[in-house]
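The values are calculated or read from the model by the stated rules, or taken from the named source; none is laboratory data. In this text the structure is predicted, and so the values were computed from the model without any measurement. Counting neighbours? That spans all protein chains shown, and the Cβs are built from the backbone with ideal geometry, glycine included.
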Amino acid sequence: MSTLFSPCSLGPLPLNNRIVIAPMCQYSAVDGKATDWHLIHLGQLALSGAGLLIIEATAVEAIGRITPGCLGLWSDATEAALARALQAVRAHSRMPIAIQLGHAGRKGSSHVPWQGGMLIPPEQPGGWPPVAPSALPQLPGEAAPEALDEAGLQRIVAAFADAARRAHRLGLDAIELHAAHGYLLHQFLSPISNQRSDAYGGSLSNRMRFPLQVFDAVRAAVPAAMAVGVRISATDWVEGGWDEAQSLVLARELQSRGLSFLHVSSGGVSPQQKIPIGPGYQVGLAAALKQATGLPTIAVGLITEPEQAEAIVASGQADAVALARGMLFDPRWPWHAAAKLGAQVNAPPQYWRSQPRGMSGLFGDVHIGMR
């Protein structure tokens, strides 16, 4: 029996297999509101047979967006727009759906990737003044962000909690907090981007303070039956930056506060990063944190082949694997993986006839009559 296609749980959330669709920004919202693109995009992924779909990084306030096209969940209007897309998806898929809540911090006010991705100056159309732990730009030559004061910190904590309540009201199954890839929560964690001299900077406990306040506020805002996980960059891949040892301390702190799962990525806070890119290059980071904490853990990063994914979960390096770009390239990846591994996968009955000739049982015990 395939371990990849066996059930598991992320805290209180049961999954019928261990394939997770990682959150992938689409840069296709209008003033934070989901559009028909999201309906189409989420709809096709919800028919993929994966165990869990995580909606893209979703800003908790307007200046928390990465780009003017990023999704948001900070108002009744943004909530209603996402509700429309989710209602259509839910009508045809029972797949659990989570949402990644985040704040771009100093990476905000940027052009969409296909327009270069560079910072939009605040005075230009589509731009706004980004905020951060410290007045340090992401890239040389960029304008410095505004360092957050106490009032700004508390505003953002409240915004995360409000977005979490909206996510629960939408009927979503889980929340993932984005503390990776150089966005605001990661910016507080890393000494590269956090050079504050107050209670939110300096020591490891101080640098963790704001992300932990956000987690506590989100955890308290939704019922215990709703899973709340965190995606982290386990290392900055920069000497003197955030690293595996600090990630373990953070993971244990989160665990003591009721963390449901850990989603382990890396990098993103500094252009000086030296990432050893290769197949499954982040799996070892996930494995180390899982072994040390026992937390339900998702591994991600150049996991592309069914046999590779099977080996990761079968060996206990992670409880689940996440695919991002690979799922965009092949939205039926779970079907193809099940066929290779001799497993079964959920598929809508409208597609049951698609099994190749000579293959049976891929979609379970289905019998198709023909006229």
Top-ranked residue of the range 13-29 - restricted to ones that are assigned to a strand (DSSP E or B) and touching a strand residue (DSSP E or B) at 6+ places or on another chain (Cβ under 7 Å), ranked as surrounded by the most Cβ atoms within 10 Å (Cβ to Cβ): VAL20
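Can you tell which of ARG257, ARG196 is basic (Lys, Arg) and either crowded, with 17+ Cβ neighbours inside 10 Å or over 20 Å from the mean Cα position of the chain (by Cα) (or both)? Even if it seems obvious, please write down each step before you answer.
Values: ARG257 fails: either crowded, with 17+ Cβ neighbours inside 10 Å or over 20 Å from the mean Cα position of the chain (by Cα) (or both).
On inspection, the qualifying residue turns out to be ARG196.
Taking into account only those residues within the range 171-181 that are over 13 Å from the mean Cα position of the chain (by Cα) and crowded, with 20+ Cβ neighbours inside 10 Å, which is nearest to GLN255 (Cα to Cα)?
Step one: filter the range 171-181 for residues over 13 Å from the mean Cα position of the chain (by Cα), giving 171-173.
Filter again for crowded, with 20+ Cβ neighbours inside 10 Å, leaving 172-173.
Details: LEU172: 22, ASP173: 19 Å.
The extreme case among them is ASP173.
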I want to confirm something. Restricting to the range 70-101 and keeping residues that are among the hydroxyl-bearing types (Ser, Thr, Tyr) and out of contact with any strand residue (DSSP E or B) (no Cβ under 7 Å at 6 or more places or on another chain), which single residue is surrounded by the most Cβ atoms within 10 Å (Cβ to Cβ)? SER93
Would a scan of the range 5-12 turn up a residue that is surrounded by fewer than 17 Cβ atoms within 10 Å (Cβ to Cβ), over 21 Å from TRP114 (Cα atoms), without any contact (Cβ under 8 Å) to a residue 12 or more places away in the chain and not aromatic (Phe, Trp, Tyr)? yes
Within the set of pairs 6+ apart or on separate chains, which have a first residue in the range 229-247 that is free of Cβ contacts under 8 Å to residues at least 60 places away in the same chain and over 23 Å from ALA22 (Cβ atoms), a second that is charged (D, E, K, R) and part of a helix (DSSP H, G or I), and C-beta atoms under 7 Å apart? none
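If you go through the range 193-222, how many residues are more than 22 Å from HIS263 (Cα to Cα) and among the aliphatic types (A, V, I, L, M)?
Applying the first criterion (more than 22 Å from HIS263 (Cα to Cα)) to the range 193-222 yields 194-203, 206.
With the extra rule that they be among the aliphatic types (A, V, I, L, M), the set shrinks to 199.
Result for the range 193-222: 1.
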Filter result for the condition that a residue is closer than 25 Å to VAL218 by Cα and either within 15 Å of the chain's Cα centre (by Cα) or assigned to a helix (DSSP H, G or I) (or both), over LEU45, LEU53: LEU53
Would it be correct to say that GLU123 is part of a strand (DSSP E or B), without any contact (Cβ under 8 Å) to a residue 60 or more places away in the chain, over 28 Å from GLY202 (Cα atoms) and of a type in the set (Asp, Glu)? no
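Taking the condition surrounded by fewer than 15 Cβ atoms within 10 Å (Cβ to Cβ), at pLDDT below 95 and more than 18 Å from LEU4 (Cα to Cα), does GLN350 pass? Give the derivation first.
Values: surrounded by fewer than 15 Cβ atoms within 10 Å (Cβ to Cβ): yes; at pLDDT below 95: yes; more than 18 Å from LEU4 (Cα to Cα): yes.
Against the criterion (surrounded by fewer than 15 Cβ atoms within 10 Å (Cβ to Cβ), at pLDDT below 95 and more than 18 Å from LEU4 (Cα to Cα)), GLN350 qualifies.
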